[in-house]
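One structure is given below, encoded as structure tokens.
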Amino acid sequence: MFGLLDYLKLGAGVAAGLMLYHLYAVSIGYPSAAREARAGYVLLAEKTAAEAQAVEMERQRNAAAQASEEHRKRLAAAEAAEQTAKDTLETEIQSYELQLSEKNRDCAVTAADRQWLLRH
């Protein structure tokens, strides 16, 4: 059926085919290695994205906590300033009443007048 020369040609063809496949695989990379690399890359990309999202959420949480703390401090300062203003007004009213009483004059300030002064 086949002669020795035919077997040599067949062997040379197989060797040439394997050589061409090897050159192809080396030039573009082995397909199985490329698939494995892409699969690993997808996992790595998903992991990196999840870590970045966690870091961003932590940053936002810290920024919100800092803003809340600043607001609480400003509110406390405003309340302290308001209380100081009320105390100063009370002191001024008492001082004025004392001056009038020293001069034997009555203070015509009623409770309604006093409330109006406290509100304005």
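Things to note:
- Within segment 88-110, the residues that satisfy the criterion of being open to solvent by less than 80 Å² (accessible area, probe 1.4 Å) and in a helix (DSSP H, G or I) are THR88, LEU89, GLU90, ILE93, SER95, GLU97, LEU100, SER101.
- Filtering segment 17-45 to residues that are open to solvent by less than 50 Å² (accessible area, probe 1.4 Å) and either modelled with pLDDT of 75 or more or part of a loop (DSSP other than H, G, I, E, B) (or both) leaves GLY17, ALA25, GLY29, GLY40, ALA45.
The values are calculated or read from the model by the stated rules, or taken from the named source; none is laboratory data. Small disclaimer: the values here were computed from a predicted structure and weren't measured. Please note that ligands, DNA and RNA were not included when accessible areas were found on the heavy atoms of the full protein model with its side chains. Shrake-Rupley method; radii C 1.70, N 1.55, O 1.52, S 1.80 Å.
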